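Enquirer: A single structure is presented below for examination.
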Amino acid sequence: MKCSLVILGASAVHGWSTYQPSRQIPLRRPFSSLSMSTNVEFAKYEGLGNDFILIDDRDKEEPSLTSDQSAKLCDRNFGIGGDGVIFALKAPSDDYSFKFRIYNSDGSEPEMCGNGIRCYAQFLKDLLSSFTQFI
């Protein structure tokens, strides 16, 4: 099966606060190695030299891609290319607004990634109408 990926407005984060406006980039290359039959909407952000694929899964408790699929997306020759995939997930309780899961480009799962969190924060800010909703 083939999977076409659609960029949801890629934007870049440089340093702590510089922001480039979003732009739409169609991606027409099939990713048959993912063995998926649905489209995956994503955004790609850059933070201090590291680039990440961000996926909005706030309606799910688990990521929509496995660690192996995420590693294939991070491949710079045959995938989108990136240092990791970050998923915005549904909060575990009402005490929190969101949770996240990160897969490195090799499919491993780190506890934290500083530049990834920087991109994640900008991604959530871009998704929400007001930054104050999750402070």
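Enquirer: Counting only protein heavy atoms and using a 1.4 Å probe, what share of the accessible area of region 48-135 belongs to carbon plus sulfur, as a whole percent? If you can, show how the numbers build up before the last one.
Expert: Working: 2140 of 4700 Å².
Roughly 46 percent of what the probe reaches on region 48-135 is carbon or sulfur.
Enquirer: Further question: Run the dipole for region 46-101 about the Cα centre, Lys and Arg Cβ at +1, Asp and Glu Cβ at -1, nothing else charged, and hand back the magnitude in debye, nearest 20. Spell out each step's value before the answer.
Expert: Numbers: 7 positive and 12 negative charges, 20 e Å.
Charge dipole, region 46-101, about its Cα centre: 100 debye, nearest 20.
Enquirer: List the trypsin sites (Lys or Arg not before Pro) in region 75-132 that DSSP assigns to loop (not H, G, I, E or B) and whose Cβ has at most 12 other Cβ atoms within 10 Å. Which are they? Intermediate results must be reported in sequence, preceding the final value.
Expert: On the way: sites: Arg76, Lys90, Lys99, Arg101, Arg118, Lys125; in loops: Arg76.
Passing sites in region 75-132 are Arg76.
Enquirer: Can you tell me how much longer the chain between Tyr96 and Ile117 gets when fully stretched, taken as 0.36 nm per residue apart minus their C-alpha distance, in nm with one decimal?
Expert: 5.9 nm
Enquirer: Non-local amide H neighbours of Arg101 (under 5 Å, H modeled in plane, Pro and chain starts lacking H): which ones?
Expert: Here Phe87, Leu89 satisfy the definition.
The values are calculated or read from the model by the stated rules, or taken from the named source; none is laboratory data. Since the model is a prediction, treat every value here as computed from it, not as a measurement. Backbone-built Cβ (ideal geometry, glycine too); neighbour counts: all protein chains shown. The area values use the complete protein model at the heavy-atom level, side chains included, leaving out ligands, DNA and RNA. Shrake-Rupley method; radii C 1.70, N 1.55, O 1.52, S 1.80 Å.
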